[in-house]
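The values are calculated or read from the model by the stated rules, or taken from the named source; none is laboratory data. Every value quoted in this text rests on a predicted model; they were computed, and no experiment measured them. For neighbour counting, all protein chains shown are included, and Cβ atoms are generated from backbone atoms with ideal geometry for every residue, glycine included.
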Amino acid sequence: MQREQPLPDVSAAEGTGQAPWTERVAVAADSSNRETGRALAARLGLVFLDAELDRAANIAFILRVGADGLALCSGAGRFGPISSEFATGRLRHRHQFGGGVGQSIARAVGIRQDTQLHIADLTAGLGADAFVLAGLGARVSMIERHPVIAMLLEDGLRRGRELAQSTAITDALSRMQLIHGEAMEWLRDGSTAERPDVVYLDPMFPERGKSAQVRKEMQALQQIVGGDDDADSLLEPALTMAGYRVVVKRPRQAPPLAHRLPTFTVAGRSTRFDVYALRRMPSGP
Ligand SMILES: C[S@@+](CC[C@H](N)C(=O)[O-])C[C@H]1O[C@@H](n2cnc3c(N)ncnc32)[C@H](O)[C@@H]1O
């Protein structure tokens, strides 16, 4: 939480019919992190829970500052803590054993052993996909507009850099840069920004009906972030900005973004990657 950047207005992105996220999230901190917690609450315009245990039950989400970093918790214990983790757990394991450039995401983006791509991940979320791509040698500019998610990601990057026990993870994290903000603005600023080789998009897919089986974590994030209902509008400017291709991650059965058919598709287990190819990929560094 070092850099002070203006927080984007995400009210238009919510569309959930619920109270604004600022009324459903509060900040709490353990006794040794109270000042950090208070500063975070002030920055995000959120309530700071002084007597955390008394008031927690009435709040849907608690952004908790503790010795282990920042985590988004359920006020009613409906889901486990959500945080951005790179040096431990699932992502570290995937980094070590995940299948390298043969993975669907790497094939979709066009990463090979001998290429060093600059990827703009315009919907960074908690940074999982960006970390996979950076772990395969890409430089990734990550844009995230939601203040809560951006804070979780920023904290994950900081802790990852502190805790990483392998040079490969440290190197991957050093190739990841977080930009708090709205992707449309970043795309509009294209004349000054460095043009990325690949633009990567993974907007929330609006879940409709009761049959949708989204994991609890994803449900919780969706309740805060909303459905990214404006995602279609990213495709056209992304196609203008990308050097070689735009890659869109979609649930397997979902229609393509903006109903625009991709050049080709790479199927993953539960998702697919729609690839909009613009030019032949470079063949070497
Ligand atoms: C499904 S999540 C991305 C998950 C991510 N690929 C990962 O691996 O962790 C979508 C994220 O994109 C962000 N987002 C959606 N539209 C955006 C936009 N126009 N600008 C910046 N961030 C955006 C949302 O706030 C949300 O956090």
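Scanning the stretch 120-157 for residues that are part of a strand (DSSP E or B) and among the charged types (D, E, K, R), which turns out farthest from the ligand (Cβ to nearest atom)?
Looking at the filtered set, the residue picked out is Arg139.
Taking the stretch 253-273 as the region of interest, how many residues are in a strand (DSSP E or B) and either not charged (D, E, K, R) or not assigned by TED's automatic domain parsing to the domain that holds Val199 (or both)?
Selection size over the stretch 253-273: 6.
Restricting to the stretch 249-263, give me the number of residues that are under 18 Å from Ala120 (Cα atoms) and within 11 Å of the ligand (Cβ to nearest atom).
Residues meeting the conditions: 2.
Is it the case, given these coordinates, that Ile169 is of a type outside the set (Lys, Arg) and within 19 Å of Gly227 (Cα to Cα)?
no
For every residue, the table says whether it meets (1) away from the ligand (no atom under 14 Å from the Cβ); (2) in a helix (DSSP H, G or I); (3) at pLDDT 85 or above; (4) of a type in the set (Lys, Arg).
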site: Leu178; (1), (2), (3), (4): no, no, yes, no
site: Asp189; (1), (2), (3), (4): no, yes, no, no
site: Ser211; (1), (2), (3), (4): yes, no, no, no
site: Met218; (1), (2), (3), (4): no, yes, no, no
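Which one of the conditions (1) on the phi < 0 side of the Ramachandran plot; (2) in the same structural domain as Leu153 (by TED's automatic domain parsing); (3) touching a residue at least 40 places away in the same chain (Cβ under 8 Å) does Ile82 fail to meet, given that it meets all the rest?
(2)
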